[in-house]
Amino acid sequence: MSSAEITQGLHAIPDWHLENDALARSFSFSDFREAMSFVNSVAAVAERASHHPDIDIRYNKVSLALSSHDAGGITDRDFSLASEIGKIL
């Protein structure tokens with residue numbers, strides 16, 4: 001995707017931003033258990049999409065990064081998965 005297409009796509013997923021050539025978003029939860037429940041829900045959505053985010057878990061904080069490594073950057077698949085992850089909350 002071009003820079004302009006990525007910028008336009010970010011308008012549809014306003015809580016996400018561009019970071020290190022990936023779509024990125026951080027989430028905070030009340031505790032570790034809640035954070036892990038969210039991660040497990042993300043894993044289920046990612047498996048259905050056959051597209052898997054990079055996940056960083058720090059106690060009650062979860063950071064996700066989406067990039068289509070096989071395509072060499074951000075694609076529609078990343079925007080689609082970001083949108084599906086947004087429906088979990």
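The values are calculated or read from the model by the stated rules, or taken from the named source; none is laboratory data. Small disclaimer: the values here were computed from a predicted structure and weren't measured. Cβ atoms come from the backbone with ideal geometry, glycine included; neighbour counts cover every protein chain shown. Note: areas computed on protein heavy atoms with side chains; ligands, DNA, RNA excluded. Shrake-Rupley method; radii C 1.70, N 1.55, O 1.52, S 1.80 Å.
Figures for the structure shown
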quantity	calculated
Value of [θ]222 nm, deg cm²/dmol, for the chain, DSSP H segments ≥ 4, -39500 (n - 2.57) each, nearest 500	-13000 deg cm²/dmol
Heavy-atom accessible surface of the stretch 32-89: percent carbon and sulfur, 1.4 Å	50 percent
Per-selection Kirkwood Rh - the stretch 41-83 (Cα, Å, 1 d.p.)	10.9 Å
Under 12 Å, Cβ to Cβ, from Asp70 - net charge with Lys/Arg +1 and Asp/Glu -1	0
Neighbourhood charge, 13 Å Cβ-Cβ cut-off, centred on Ile88 and excluding it, Lys, Arg +1 and Asp, Glu -1	0
Cα Rg, Dmax (largest Cα-Cα span) when computed across the chain, Å	12.6, 38
Local electrostatic count at Asp54 - Lys and Arg +1, Asp and Glu -1, tallied over other residues with Cβ under 12 Å	-3
Percent antiparallel among DSSP beta bridges (both partners in the stretch 5-75, rounded to 5)	100 percent
